[in-house]
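A quick write-up on the structure given underneath.
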Amino acid sequence: MRPTNTSVFGAVRLGHLVIETNRFTDWRRFGTDAIGMHHDDLDTGLTRFRLDDQECRFLLRRGPAEDVVATGWHVDDHSAFERIEARVRAQGVPCAEGTAEEAAQRGVERLLRFPGPKGITQEIYTTPVLSPEPLRMLASRWVTGDAGMGHVAITSTRPALTRAYFGTVFDARLTDCIDETISGVKLKIRFLRVNERHHSIAVAAVRGLPIDPVRTRVQHLNIQAATLDDLARSYDRVHELGFDMALSIGQHTNDKELSYYARTPSGFEWEVGWNPLVIDETTWEPSTHQGISVWGHTPVGQTIVDKLGQFRLAARSLAHPEKTVRALSGAGAPDD
């Protein structure tokens, strides 16, 4: 087995997501007509969205979860792939090679799957399959490339374990933190990077309280628009087609990204962003920002009933311990 101690930082990027849903009609309208992506229907139970020449960026499969169920990471080469595999197997965590059918659905080669935090399966692959079919989408293009296609944000009652997991598996680095108070609830958000993108993973926790106010495993996911015009036009389409807007357009304090948040048919949020800063590894130092936004990002249409619903979900989470992968998270890691 290959050595596990050589860093894979910079050789990994967010490549695809798998979403389980029974709301295919709504998702096609949301992804294609509102957000502006290309879509392909494989059969009655499988749909794919494209952002670029890769065959698949989002795989929607039929099922009851209404959530992201797997995160796919594009690994530069076989050597880095084998280092990650060796790390996971060395801790006794089960790995499963993806079947030819699973790899084909995702448009990838050499697929490996293993458990991740909050029950989200982590997938790694080496080579994406490129489609010769021209893109049919309302956006001019999306920013993907060597830094990946965006990021995923999760809420966690065990943030230190979650951070340690991504540090162990992908050599993720802490970019910065945000302290925010929303409706009297204090949040601390940690932003992790695996390459020059400001963050590929964000981990939010309620400070001092072991509760999770979000029903879904993923709180939101992000994709990056190529132009400000693309961002504005998709924002208008979300409104015009009647999809819920979670947060209006605003600018974040830490990565300076201009963005808005729409609510997907499955309930988690979808952030469309533009022009985030790029990390310079020679000069970057982590810091803590007060508040999520410089301006904007105001809640849209949230009622007292919605807030009460969130508190009920948070209370319910106390009875259901969060899934962690202790072997890859450092069994002694304190929660911070």
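Annotations
- Bins of 5 Å from zero: percent of alpha-carbon pairs in region 63-110: 4, 15, 21, 26, 22, 8, 4, 0
- Interchain or long-range residues, amide H under 5 Å from Phe58's placed H: Leu17, Phe49
- Kirkwood Rh in Å, taken over region 194-235 so that all alpha-carbon pairs contribute: 13.5
- Among beta bridges identified by DSSP and lying wholly in the chain, the antiparallel ones come to about 75 percent.
- Taking Ser79, Ser329, Ser200 and counting other C-beta atoms within 10 Å, the order from fewest to most: Ser79, Ser329, Ser200
- Cα-based equivalent ellipsoid of region 142-317: semi-axis lengths in Å, sorted from largest, via gyration tensor: 24, 22, 14
- Other-chain or far-sequence residues with amide H under 5 Å of Leu111's (modelled H): Gly98
- Simple rule: put +1 on each Lys or Arg Cβ and -1 on each Asp or Glu Cβ in the chain, find the dipole, and look at Gln219, Leu17, Val278; the Cα lying farthest toward the positive end is Gln219.
- Note on the chain: Kirkwood radius taken over Cα pairs, Stokes-Einstein applied at 37 °C and 0.692 mPa s, translational D equal to 162 µm² s⁻¹.
- Per-residue HN-Hα couplings for region 269-274 [Karplus 6.51, -1.76, 1.60; θ = phi - 60°; Hz; x = Gly/Pro]: 9, 10, 9, 9, x, 8
- Within the chain, no whole DSSP H helix has Cα atoms reaching 30 Å or more along its own axis together with a mean Kyte-Doolittle score of at least 0.5.
- Loop-located chymotrypsin sites (Phe, Trp or Tyr not before Pro) in region 81-179 (DSSP state other than H, G, I, E, B) with a sparse environment of at most 16 neighbouring Cβ atoms within 10 Å are absent.
- By other beta-carbon atoms within 10 Å, ranking Asp255, Asp244 with the fewest at the front produces Asp244, Asp255.
- Within the shell defined by Cβ-Cβ distances under 13 Å, the residues around Gln91 carry a net charge of +2, with Lys and Arg each +1 and Asp and Glu each -1.
- Close amide H partners of Arg217, meaning residues 5 or more places away or on another chain with modelled amide H under 5 Å apart, are Val68.
- According to the Kirkwood relation over distinct C-alpha pairs, the hydrodynamic radius of region 61-189 is 17.1 Å.
- For region 89-143, Kirkwood radius (reciprocal of mean inverse C-alpha pair distance, Å): 13.5
Bear in mind that the values in this text are calculations on the coordinates, not laboratory data. Please read these numbers as outputs of a predicted model, since none were measured by experiment. Ideal geometry is used to build each Cβ from the backbone, glycine not excepted, and the neighbour counts take in all protein chains shown.
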